[in-house]
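The values are calculated or read from the model by the stated rules, or taken from the named source; none is laboratory data. Computed from a predicted model, the values in this text were never measured in an experiment. Note that we place each Cβ from the backbone using ideal geometry, even for glycine, and neighbour counts take in every protein chain shown. Surface accessibility is based on the protein's heavy atoms, side chains included, excluding ligands, DNA and RNA. Shrake-Rupley method; radii C 1.70, N 1.55, O 1.52, S 1.80 Å.
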Amino acid sequence: MTPKSFRIKSFGCQMNVYDGERMAEMLGAQGMVAAPDGDDADLVVLNTCHIREKAAEKAYSDVGRLRREDGSRPLIALAGCVAQAEGAEAKTRSAMIDIVVGPQAYHRLPDMVAQAARGARPVDTDMPAAAKFDVLPQRRRAGSSAFLTVQEGCDKFCTYCVVPYTRGAEISRPWTAIVAEAQVLVDGGAREIVLLGQNVNAWRHEGQGLAELIRALARIDGLERIRYTTSHPADMTDALIAAHGEVEKLMPYLHLPVQSGGNRILKAMNRSHSAETYLATLEKMRAARPDIALSGDFIVGFPGETEADFEATLQLVDAVGYASAYSFKYSPRPGTPAATMEGQIPREIMDDRLQRLQERINAHQLAFNLSKVGSETQILVERAGRRPGQMIGKSPWLQSVHVDTSARPGEIIDVAVLSAGPRSLAGAVRRQVAA
Ligand code: SAH
Ligand code: SF4
Ligand code: F3S
(Lines give C-alpha, C1' and ligand atoms only; values in the text may rest on other atoms or scores of the structure.)
(Ligands and ions follow the chains in the order given, each with its own letter.)
Protein backbone atom coordinates (compact mmCIF):
# COMPACT_ATOMS: atom_id res chain seq x y z
CA MET A 1 0.00 0.00 0.00
CA THR A 2 1.32 3.44 -0.87
CA PRO A 3 1.73 5.47 2.32
CA LYS A 4 -0.32 8.65 2.63
CA SER A 5 1.09 10.06 5.85
CA PHE A 6 4.60 10.23 7.29
CA ARG A 7 6.53 11.07 10.41
CA ILE A 8 10.23 11.94 10.52
CA LYS A 9 12.21 11.60 13.74
CA SER A 10 15.63 13.21 13.70
CA PHE A 11 18.39 12.47 16.20
CA GLY A 12 21.97 13.68 16.49
CA CYS A 13 23.24 16.99 15.20
CA GLN A 14 21.55 19.99 13.62
CA MET A 15 22.50 18.75 10.17
CA ASN A 16 20.17 15.83 10.73
CA VAL A 17 17.43 18.27 11.74
CA TYR A 18 18.02 20.13 8.47
CA ASP A 19 17.97 16.88 6.47
CA GLY A 20 14.75 15.88 8.26
CA GLU A 21 13.12 19.17 7.23
CA ARG A 22 14.16 18.64 3.62
CA MET A 23 12.88 15.07 3.58
CA ALA A 24 9.55 16.31 4.96
CA GLU A 25 9.34 18.97 2.24
CA MET A 26 10.10 16.35 -0.40
CA LEU A 27 7.51 13.85 0.84
CA GLY A 28 5.04 16.75 1.08
CA ALA A 29 5.73 17.65 -2.54
CA GLN A 30 4.78 14.05 -3.41
CA GLY A 31 1.37 14.57 -1.86
CA MET A 32 2.01 12.88 1.45
CA VAL A 33 1.01 14.64 4.67
CA ALA A 34 2.89 14.91 7.96
CA ALA A 35 1.02 12.93 10.63
CA PRO A 36 -0.08 15.18 13.50
CA ASP A 37 1.62 14.54 16.84
CA GLY A 38 0.35 11.42 18.52
CA ASP A 39 -1.25 10.09 15.33
CA ASP A 40 -0.21 6.97 13.54
CA ALA A 41 1.76 7.44 10.32
CA ASP A 42 1.92 5.11 7.29
CA LEU A 43 5.65 5.81 6.88
CA VAL A 44 8.15 6.48 9.67
CA VAL A 45 11.61 7.79 8.83
CA LEU A 46 14.19 7.37 11.60
CA ASN A 47 16.91 9.89 10.85
CA THR A 48 19.67 8.44 13.00
CA CYS A 49 23.01 9.36 14.58
CA HIS A 50 26.08 7.13 14.81
CA ILE A 51 28.39 9.39 16.80
CA ARG A 52 28.39 7.35 20.03
CA GLU A 53 27.42 3.76 20.68
CA LYS A 54 24.31 4.71 22.65
CA ALA A 55 22.99 6.86 19.84
CA ALA A 56 23.53 4.11 17.28
CA GLU A 57 21.91 1.38 19.40
CA LYS A 58 18.93 3.64 19.99
CA ALA A 59 18.12 3.44 16.29
CA TYR A 60 17.35 -0.27 16.51
CA SER A 61 15.35 -0.06 19.74
CA ASP A 62 13.33 2.73 18.14
CA VAL A 63 12.62 0.51 15.13
CA GLY A 64 11.38 -2.25 17.44
CA ARG A 65 9.03 0.14 19.19
CA LEU A 66 7.21 0.97 15.97
CA ARG A 67 5.30 -2.34 16.05
CA ARG A 68 1.64 -1.60 16.86
CA GLU A 69 -0.49 -3.44 19.41
CA ASP A 70 -2.30 -5.38 16.68
CA GLY A 71 1.04 -6.62 15.33
CA SER A 72 0.98 -4.37 12.24
CA ARG A 73 3.57 -1.65 11.65
CA PRO A 74 4.24 1.37 9.43
CA LEU A 75 6.64 1.32 6.52
CA ILE A 76 10.03 2.01 8.11
CA ALA A 77 12.94 3.92 6.58
CA LEU A 78 16.28 3.99 8.35
CA ALA A 79 17.99 7.25 7.36
CA GLY A 80 20.94 9.26 8.64
CA CYS A 81 24.35 8.15 9.81
CA VAL A 82 23.47 4.68 11.14
CA ALA A 83 21.99 3.90 7.72
CA GLN A 84 25.18 5.10 6.06
CA ALA A 85 27.44 3.16 8.43
CA GLU A 86 25.54 -0.11 8.27
CA GLY A 87 24.08 -0.13 4.77
CA ALA A 88 22.36 -3.38 3.78
CA GLU A 89 23.57 -4.92 7.07
CA ALA A 90 20.81 -2.95 8.81
CA LYS A 91 18.17 -5.10 7.08
CA THR A 92 19.73 -8.20 8.59
CA ARG A 93 19.81 -6.66 12.04
CA SER A 94 16.11 -5.82 11.86
CA ALA A 95 13.54 -7.45 9.60
CA MET A 96 11.29 -4.44 10.20
CA ILE A 97 13.48 -2.06 8.20
CA ASP A 98 12.08 -1.56 4.69
CA ILE A 99 14.34 1.22 3.41
CA VAL A 100 17.97 2.12 4.16
CA VAL A 101 18.92 5.58 2.91
CA GLY A 102 22.13 7.48 3.64
CA PRO A 103 22.48 11.23 4.30
CA GLN A 104 23.71 11.93 0.75
CA ALA A 105 21.01 9.85 -0.98
CA TYR A 106 17.76 10.95 0.64
CA HIS A 107 16.61 12.86 -2.43
CA ARG A 108 15.76 9.38 -3.76
CA LEU A 109 13.49 8.62 -0.80
CA PRO A 110 10.17 9.00 -2.70
CA ASP A 111 11.29 6.41 -5.27
CA MET A 112 12.45 4.10 -2.54
CA VAL A 113 9.12 4.47 -0.73
CA ALA A 114 7.32 3.48 -3.91
CA GLN A 115 9.55 0.41 -4.25
CA ALA A 116 9.05 -0.54 -0.61
CA ALA A 117 5.28 -0.19 -1.01
CA ARG A 118 5.57 -2.88 -3.66
CA GLY A 119 7.42 -5.15 -1.22
CA ALA A 120 11.07 -4.41 -2.08
CA ARG A 121 13.66 -3.44 0.56
CA PRO A 122 15.81 -0.83 -1.23
CA VAL A 123 19.19 0.37 0.06
CA ASP A 124 20.95 3.53 -1.12
CA THR A 125 24.09 4.72 0.60
CA ASP A 126 25.73 6.31 -2.44
CA MET A 127 27.75 9.41 -1.76
CA PRO A 128 27.55 11.59 -4.85
CA ALA A 129 28.97 14.98 -3.92
CA ALA A 130 25.79 16.65 -2.71
CA ALA A 131 23.76 15.89 -5.82
CA LYS A 132 20.72 15.97 -3.58
CA PHE A 133 20.70 19.75 -3.28
CA ASP A 134 20.09 20.14 -7.00
CA VAL A 135 16.93 18.06 -7.02
CA LEU A 136 15.27 18.81 -3.69
CA PRO A 137 12.09 20.91 -3.93
CA GLN A 138 12.39 24.60 -3.08
CA ARG A 139 11.91 25.53 0.54
CA ARG A 140 8.85 27.47 1.67
CA ARG A 141 7.90 28.16 5.26
CA ALA A 142 10.48 28.74 7.96
CA GLY A 143 10.46 29.30 11.72
CA SER A 144 11.94 32.46 13.23
CA SER A 145 15.32 30.70 13.24
CA ALA A 146 16.15 28.44 10.30
CA PHE A 147 18.96 26.00 9.61
CA LEU A 148 20.80 26.11 6.29
CA THR A 149 23.40 23.47 5.48
CA VAL A 150 26.27 25.03 3.51
CA GLN A 151 29.00 22.44 3.95
CA GLU A 152 28.98 18.70 4.45
CA GLY A 153 31.40 15.99 5.34
CA CYS A 154 34.78 16.02 6.99
CA ASP A 155 38.36 15.36 5.93
CA LYS A 156 39.87 15.76 9.38
CA PHE A 157 39.74 12.14 10.56
CA CYS A 158 39.98 12.68 14.29
CA THR A 159 40.84 9.19 15.51
CA TYR A 160 37.66 8.73 17.58
CA CYS A 161 35.13 10.00 15.07
CA VAL A 162 32.77 8.34 12.58
CA VAL A 163 31.70 11.47 10.73
CA PRO A 164 34.27 11.23 7.89
CA TYR A 165 32.88 7.74 7.20
CA THR A 166 29.17 8.51 7.58
CA ARG A 167 29.12 11.89 5.87
CA GLY A 168 31.96 11.49 3.42
CA ALA A 169 34.52 13.98 2.17
CA GLU A 170 34.22 17.73 2.73
CA ILE A 171 32.14 19.49 0.12
CA SER A 172 30.89 23.07 0.01
CA ARG A 173 27.61 24.08 -1.57
CA PRO A 174 27.93 26.82 -4.18
CA TRP A 175 27.59 30.44 -3.10
CA THR A 176 24.57 31.24 -5.31
CA ALA A 177 22.58 28.22 -4.10
CA ILE A 178 23.15 29.25 -0.48
CA VAL A 179 22.21 32.90 -0.99
CA ALA A 180 19.09 31.85 -2.90
CA GLU A 181 18.04 29.41 -0.17
CA ALA A 182 18.66 32.05 2.50
CA GLN A 183 16.43 34.51 0.63
CA VAL A 184 13.65 31.91 0.40
CA LEU A 185 13.94 31.22 4.14
CA VAL A 186 13.72 34.93 4.96
CA ASP A 187 10.74 35.34 2.60
CA GLY A 188 9.20 32.39 4.44
CA GLY A 189 9.54 34.05 7.85
CA ALA A 190 13.06 33.43 9.12
CA ARG A 191 14.72 36.28 11.02
CA GLU A 192 17.78 34.25 11.89
CA ILE A 193 19.77 31.79 9.81
CA VAL A 194 22.13 29.24 11.30
CA LEU A 195 24.67 28.09 8.72
CA LEU A 196 25.46 24.42 9.24
CA GLY A 197 28.32 22.11 8.39
CA GLN A 198 30.30 19.37 10.10
CA ASN A 199 33.16 21.80 9.59
CA VAL A 200 31.24 24.87 8.62
CA ASN A 201 34.20 27.23 8.78
CA ALA A 202 35.99 25.12 6.15
CA TRP A 203 33.35 26.31 3.65
CA ARG A 204 35.07 27.51 0.44
CA HIS A 205 33.73 28.34 -2.98
CA GLU A 206 35.41 30.09 -5.89
CA GLY A 207 38.10 31.56 -3.69
CA GLN A 208 35.63 32.84 -1.08
CA GLY A 209 35.43 31.67 2.52
CA LEU A 210 32.77 31.67 5.20
CA ALA A 211 33.57 35.27 6.18
CA GLU A 212 32.67 36.54 2.70
CA LEU A 213 29.55 34.39 2.61
CA ILE A 214 28.40 35.82 5.94
CA ARG A 215 29.00 39.36 4.70
CA ALA A 216 26.87 38.64 1.62
CA LEU A 217 24.05 37.11 3.66
CA ALA A 218 24.11 40.10 6.00
CA ARG A 219 22.92 42.22 3.06
CA ILE A 220 19.59 40.35 2.89
CA ASP A 221 16.82 42.66 4.14
CA GLY A 222 14.73 41.14 6.88
CA LEU A 223 17.47 38.79 7.98
CA GLU A 224 18.53 40.06 11.40
CA ARG A 225 20.78 37.39 12.84
CA ILE A 226 23.41 35.02 11.47
CA ARG A 227 25.07 32.15 13.30
CA TYR A 228 27.16 29.21 12.18
CA THR A 229 28.11 25.83 13.62
CA THR A 230 30.22 23.64 14.03
CA SER A 231 33.67 25.03 13.52
CA HIS A 232 37.09 23.43 13.64
CA PRO A 233 39.95 25.37 15.26
CA ALA A 234 42.18 24.73 12.23
CA ASP A 235 39.79 26.61 9.93
CA MET A 236 39.26 29.65 12.15
CA THR A 237 40.70 32.20 9.74
CA ASP A 238 41.62 35.80 10.52
CA ALA A 239 38.98 36.88 7.99
CA LEU A 240 36.26 35.06 9.91
CA ILE A 241 37.48 36.44 13.22
CA ALA A 242 37.47 39.94 11.72
CA ALA A 243 33.89 39.46 10.52
CA HIS A 244 32.85 38.96 14.14
CA GLY A 245 34.07 42.45 14.90
CA GLU A 246 32.50 44.06 11.84
CA VAL A 247 29.28 42.34 10.79
CA GLU A 248 26.55 43.48 13.14
CA LYS A 249 24.16 40.67 12.21
CA LEU A 250 26.75 38.02 13.05
CA MET A 251 25.90 37.02 16.61
CA PRO A 252 28.56 37.06 19.35
CA TYR A 253 28.69 33.31 19.86
CA LEU A 254 31.23 30.74 18.75
CA HIS A 255 31.07 27.00 19.16
CA LEU A 256 34.66 25.85 18.77
CA PRO A 257 35.24 22.31 20.03
CA VAL A 258 38.66 21.60 21.51
CA GLN A 259 37.99 18.05 22.86
CA SER A 260 40.83 18.02 25.42
CA GLY A 261 43.24 20.37 27.16
CA GLY A 262 46.07 17.83 27.11
CA ASN A 263 48.45 18.14 24.18
CA ARG A 264 49.45 14.47 24.26
CA ILE A 265 45.78 13.49 23.96
CA LEU A 266 45.09 16.08 21.26
CA LYS A 267 47.89 14.55 19.24
CA ALA A 268 46.54 11.02 19.71
CA MET A 269 43.14 12.35 18.67
CA ASN A 270 44.70 13.73 15.47
CA ARG A 271 43.43 17.20 16.33
CA SER A 272 45.67 19.67 14.56
CA HIS A 273 45.70 22.19 17.43
CA SER A 274 47.36 22.29 20.83
CA ALA A 275 45.85 23.83 23.95
CA GLU A 276 48.09 26.86 23.33
CA THR A 277 47.15 27.43 19.68
CA TYR A 278 43.48 26.98 20.56
CA LEU A 279 43.72 29.58 23.33
CA ALA A 280 45.58 31.93 20.98
CA THR A 281 42.71 31.68 18.47
CA LEU A 282 40.21 32.54 21.19
CA GLU A 283 42.31 35.47 22.30
CA LYS A 284 42.20 36.90 18.78
CA MET A 285 38.46 36.33 18.74
CA ARG A 286 38.03 38.18 22.02
CA ALA A 287 40.12 41.05 20.71
CA ALA A 288 37.79 41.32 17.70
CA ARG A 289 34.59 40.82 19.67
CA PRO A 290 35.11 41.26 23.42
CA ASP A 291 31.64 40.06 24.45
CA ILE A 292 31.80 36.81 22.43
CA ALA A 293 30.21 33.81 24.17
CA LEU A 294 32.42 30.75 23.75
CA SER A 295 31.26 27.19 23.59
CA GLY A 296 32.97 23.86 22.97
CA ASP A 297 32.89 20.08 23.04
CA PHE A 298 34.95 17.77 25.24
CA ILE A 299 35.64 14.06 25.30
CA VAL A 300 36.77 12.52 28.59
CA GLY A 301 38.42 9.12 28.85
CA PHE A 302 40.04 9.02 25.44
CA PRO A 303 42.43 5.99 25.38
CA GLY A 304 45.56 6.73 27.40
CA GLU A 305 44.11 9.81 29.18
CA THR A 306 45.89 10.17 32.53
CA GLU A 307 44.73 12.17 35.52
CA ALA A 308 47.28 14.83 34.51
CA ASP A 309 45.85 15.02 30.98
CA PHE A 310 42.39 15.41 32.44
CA GLU A 311 43.59 18.13 34.83
CA ALA A 312 44.87 19.99 31.76
CA THR A 313 41.33 19.88 30.37
CA LEU A 314 39.96 21.41 33.58
CA GLN A 315 42.62 24.11 33.40
CA LEU A 316 41.68 24.93 29.84
CA VAL A 317 38.01 25.19 30.82
CA ASP A 318 38.99 27.71 33.51
CA ALA A 319 41.24 29.62 31.14
CA VAL A 320 38.47 30.01 28.55
CA GLY A 321 35.50 30.54 30.87
CA TYR A 322 32.98 28.93 28.53
CA ALA A 323 29.46 30.34 28.29
CA SER A 324 28.36 26.77 27.57
CA ALA A 325 29.99 23.48 26.62
CA TYR A 326 29.11 19.90 25.83
CA SER A 327 31.02 16.97 27.26
CA PHE A 328 30.90 13.28 26.45
CA LYS A 329 32.44 10.04 27.64
CA TYR A 330 34.64 8.55 24.95
CA SER A 331 32.75 5.88 23.02
CA PRO A 332 34.80 3.48 20.89
CA ARG A 333 33.41 3.42 17.35
CA PRO A 334 34.03 0.38 15.14
CA GLY A 335 36.46 1.11 12.33
CA THR A 336 38.02 4.22 13.90
CA PRO A 337 41.71 4.12 14.91
CA ALA A 338 41.09 4.98 18.56
CA ALA A 339 38.80 1.99 19.07
CA THR A 340 41.79 -0.36 19.03
CA MET A 341 44.27 1.92 20.81
CA GLU A 342 45.88 0.72 24.02
CA GLY A 343 44.91 2.25 27.34
CA GLN A 344 41.11 2.18 27.04
CA ILE A 345 39.79 3.88 30.18
CA PRO A 346 37.51 2.04 32.65
CA ARG A 347 33.93 3.22 32.90
CA GLU A 348 34.19 4.37 36.56
CA ILE A 349 37.06 6.69 35.75
CA MET A 350 35.18 8.14 32.79
CA ASP A 351 32.08 8.68 34.94
CA ASP A 352 34.12 10.47 37.59
CA ARG A 353 35.91 12.70 35.07
CA LEU A 354 32.72 13.55 33.24
CA GLN A 355 31.07 14.59 36.48
CA ARG A 356 34.00 16.77 37.52
CA LEU A 357 34.20 18.37 34.09
CA GLN A 358 30.48 19.08 33.95
CA GLU A 359 30.55 20.68 37.41
CA ARG A 360 33.31 22.98 36.25
CA ILE A 361 31.53 23.83 32.99
CA ASN A 362 28.25 24.49 34.81
CA ALA A 363 29.97 26.91 37.18
CA HIS A 364 31.32 28.91 34.23
CA GLN A 365 27.96 28.78 32.47
CA LEU A 366 26.20 30.17 35.56
CA ALA A 367 28.84 32.88 35.93
CA PHE A 368 28.38 33.89 32.31
CA ASN A 369 24.60 34.04 32.69
CA LEU A 370 24.88 36.03 35.93
CA SER A 371 27.18 38.52 34.21
CA LYS A 372 24.18 39.62 32.08
CA VAL A 373 21.89 40.39 35.04
CA GLY A 374 21.10 44.10 35.18
CA SER A 375 21.93 44.66 31.51
CA GLU A 376 19.62 45.33 28.58
CA THR A 377 19.67 43.29 25.43
CA GLN A 378 17.53 42.11 22.54
CA ILE A 379 15.93 38.73 22.14
CA LEU A 380 14.52 36.98 19.12
CA VAL A 381 11.21 35.54 20.31
CA GLU A 382 11.01 31.87 19.36
CA ARG A 383 8.19 30.06 21.15
CA ALA A 384 5.63 30.07 23.95
CA GLY A 385 6.86 29.39 27.47
CA ARG A 386 5.20 27.17 30.05
CA ARG A 387 3.13 29.85 31.76
CA PRO A 388 0.34 31.67 29.91
CA GLY A 389 1.64 34.96 28.51
CA GLN A 390 5.23 33.83 28.77
CA MET A 391 7.47 33.60 25.71
CA ILE A 392 11.00 32.26 25.27
CA GLY A 393 13.53 33.99 23.06
CA LYS A 394 17.25 33.90 22.44
CA SER A 395 19.77 36.49 23.48
CA PRO A 396 22.63 37.34 21.08
CA TRP A 397 24.75 34.94 23.18
CA LEU A 398 22.29 32.07 22.57
CA GLN A 399 20.88 32.13 26.09
CA SER A 400 17.20 31.27 26.49
CA VAL A 401 15.37 34.25 27.98
CA HIS A 402 11.92 33.90 29.55
CA VAL A 403 9.73 37.00 29.43
CA ASP A 404 6.07 37.94 29.79
CA THR A 405 5.10 39.56 26.50
CA SER A 406 2.48 39.62 23.80
CA ALA A 407 5.24 39.55 21.16
CA ARG A 408 4.98 36.71 18.65
CA PRO A 409 7.68 34.33 17.43
CA GLY A 410 9.93 36.13 14.96
CA GLU A 411 9.76 39.49 16.73
CA ILE A 412 12.90 41.03 18.17
CA ILE A 413 12.27 42.85 21.44
CA ASP A 414 14.29 44.85 23.97
CA VAL A 415 14.48 43.23 27.39
CA ALA A 416 16.11 43.94 30.72
CA VAL A 417 17.72 40.87 32.25
CA LEU A 418 16.38 40.43 35.80
CA SER A 419 17.84 37.13 36.95
CA ALA A 420 19.85 34.16 35.74
CA GLY A 421 20.09 30.44 36.36
CA PRO A 422 22.48 27.86 34.96
CA ARG A 423 20.34 27.25 31.84
CA SER A 424 18.34 30.42 31.23
CA LEU A 425 17.66 34.04 32.02
CA ALA A 426 14.49 35.84 33.09
CA GLY A 427 13.79 39.23 31.60
CA ALA A 428 11.24 42.03 31.39
CA VAL A 429 10.15 43.76 28.20
CA ARG A 430 11.52 47.21 27.49
CA ARG A 431 9.92 48.05 24.14
CA GLN A 432 9.36 46.39 20.84
CA VAL A 433 12.20 46.90 18.39
CA ALA A 434 11.06 45.37 15.13
CA ALA A 435 8.04 43.41 14.09
N1 SAH B 1 32.81 18.51 13.62
C2 SAH B 1 32.71 18.83 14.96
C3 SAH B 1 31.96 17.84 15.85
C4 SAH B 1 31.28 16.66 15.32
S5 SAH B 1 30.69 15.45 16.42
C6 SAH B 1 34.12 19.01 15.51
O7 SAH B 1 35.10 18.65 14.93
O8 SAH B 1 34.24 19.49 16.61
C9 SAH B 1 30.16 16.30 17.85
C10 SAH B 1 30.94 15.96 19.08
O11 SAH B 1 30.75 14.62 19.44
C12 SAH B 1 32.43 16.11 18.93
O13 SAH B 1 32.85 17.42 19.04
C14 SAH B 1 32.95 15.23 20.04
O15 SAH B 1 33.08 15.96 21.23
C16 SAH B 1 31.86 14.19 20.21
N17 SAH B 1 32.29 12.89 19.72
C18 SAH B 1 32.63 12.53 18.47
N19 SAH B 1 33.02 11.24 18.43
C20 SAH B 1 32.92 10.76 19.70
C21 SAH B 1 33.21 9.50 20.31
N22 SAH B 1 33.66 8.48 19.60
N23 SAH B 1 32.99 9.38 21.64
C24 SAH B 1 32.53 10.43 22.37
N25 SAH B 1 32.27 11.63 21.85
C26 SAH B 1 32.45 11.81 20.53
FE1 SF4 C 1 34.71 14.31 13.63
FE2 SF4 C 1 37.02 15.53 13.89
FE3 SF4 C 1 35.65 15.76 11.63
FE4 SF4 C 1 34.78 16.93 13.85
S5 SF4 C 1 36.67 17.40 12.76
S6 SF4 C 1 33.55 15.76 12.41
S7 SF4 C 1 35.36 15.48 15.41
S8 SF4 C 1 36.56 13.91 12.41
FE1 F3S D 1 25.42 12.06 14.43
FE2 F3S D 1 25.82 11.95 11.86
FE3 F3S D 1 25.45 14.28 13.02
S4 F3S D 1 26.80 10.70 13.36
S5 F3S D 1 26.30 13.95 15.02
S6 F3S D 1 23.97 12.67 12.88
S7 F3S D 1 26.83 13.84 11.34
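Could you tell me whether any residue of region 79-98 is assigned to a helix (DSSP H, G or I), farther than 23 Å from Val44 by Cβ and in contact with a helix residue (DSSP H, G or I) (Cβ under 8 Å, 6 or more places away or on another chain)?
no
Looking for something touching a residue at least 40 places away in the same chain (Cβ under 8 Å), β-branched (Val, Ile, Thr), assigned by TED's automatic domain parsing to the domain that holds Lys156 and part of a loop (DSSP other than H, G, I, E, B) - is there at least one such residue anywhere in region 329-337? Within region 329-337 (the criterion being touching a residue at least 40 places away in the same chain (Cβ under 8 Å), β-branched (Val, Ile, Thr), assigned by TED's automatic domain parsing to the domain that holds Lys156 and part of a loop (DSSP other than H, G, I, E, B)), the answer is yes, since at least one residue qualifies. Counting the residues of region 210-245 that are of a type outside the set (A, V, I, L, M, F, W, C), over 20 Å from the mean Cα position of the chain (by Cα) and open to solvent by less than 10 Å² (accessible area, probe 1.4 Å) gives 1.
In region 329-338, of all residues being more than 15 Å from ligand 3 (Cβ to nearest atom) and over 18 Å from Thr313 (Cα atoms), the one that is most open to solvent (accessible area, probe 1.4 Å) corresponds to Pro337.
Only residues that are without any contact (Cβ under 8 Å) to a residue 60 or more places away in the chain and within 15 Å of ligand 1 (Cβ to nearest atom) were counted in region 299-309, giving 5.
Quick test for you: out of Arg191, Arg167, Arg139, pick the one residue that is within 16 Å of ligand 1 (Cβ to nearest atom), in contact (Cβ under 8 Å) with a residue 40 or more places away in the chain, within 21 Å of the chain's Cα centre (by Cα) and not assigned by TED's automatic domain parsing to the domain that holds Tyr18.
Just one listed residue meets the conditions, Arg167.
Looking only at region 47-70, filter to residues that are assigned to a helix (DSSP H, G or I) and of a type outside the set (A, V, I, L, M, F, W, C); which one of those is farthest from ligand 1 (Cβ to nearest atom)? Filtering region 47-70 for residues that are assigned to a helix (DSSP H, G or I) and of a type outside the set (A, V, I, L, M, F, W, C), the one farthest from ligand 1 (Cβ to nearest atom) comes out as Gly64.
Residue count for region 101-135 under the criterion of being in a loop (DSSP other than H, G, I, E, B) and either open to solvent by less than 20 Å² (accessible area, probe 1.4 Å) or more than 25 Å from Val184 (Cβ to Cβ) (or both): the result is 13.
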